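Participant: Could you have a look at this structure, given as structure tokens, before my questions?
The values are calculated or read from the model by the stated rules, or taken from the named source; none is laboratory data. Keep in mind the model is a prediction, meaning the values are calculated, not measured. Using ideal geometry, Cβ is built from the backbone for each residue, glycine included, and neighbour counts are taken over all protein chains shown. Just the protein is used for accessible areas: all its heavy atoms, side chains included, with ligands, DNA and RNA removed. Shrake-Rupley method; radii C 1.70, N 1.55, O 1.52, S 1.80 Å.
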Amino acid sequence: MIIILLPAFNEEKSFPSLIDKIKLASEEFKEKYHIIVCNDGSTDKTQEVLESYTQSISLEIIKHQINRGLGESVRDLFERAAFISSDDDIIIRLDCDDT
């Protein structure tokens, strides 16, 4: 399985496009994937957008109530990935803004 880590801060507009690209790539390579997003205190509708995807894709949300910064978000993502991953899994960290 591929575990994709996405730190997010105010990404309500960029997230749908990124999810579409991840879905397309997983279908092309026929790989299962699990996305973990750290919503780092977003003040827009990032949380609502993320929650809308939890029923249709394998998506887990870590939510920081306040913005703690990229470093803490990435650390929390990798800690969670290390906890759930197996030896054969691949962990990829991407920017949520689709760059």
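Participant: Identify the single condition in (1) among the acidic types (Asp, Glu); (2) open to solvent by less than 100 Å² (accessible area, probe 1.4 Å); (3) within 18 Å of Pro16 (Cβ to Cβ); (4) out of contact with any strand residue (DSSP E or B) (no Cβ under 6 Å at 6 or more places or on another chain) that Glu27 does not satisfy, given that it satisfies every other one.
Facilitator: (2)
Participant: Ok, one more. Out of all the residues in segment 61-84, which are in contact with a Lys or Arg (Cβ under 8 Å, 6 or more places away or on another chain) and open to solvent by 40 Å² or more (accessible area, probe 1.4 Å)? Explain how you work it out, then say what you get.
Facilitator: Of segment 61-84, the ones in contact with a Lys or Arg (Cβ under 8 Å, 6 or more places away or on another chain) are 62, 74, 77-78.
If the condition is that a residue be in contact with a Lys or Arg (Cβ under 8 Å, 6 or more places away or on another chain) and open to solvent by 40 Å² or more (accessible area, probe 1.4 Å), then Phe78 is the only one that fits.
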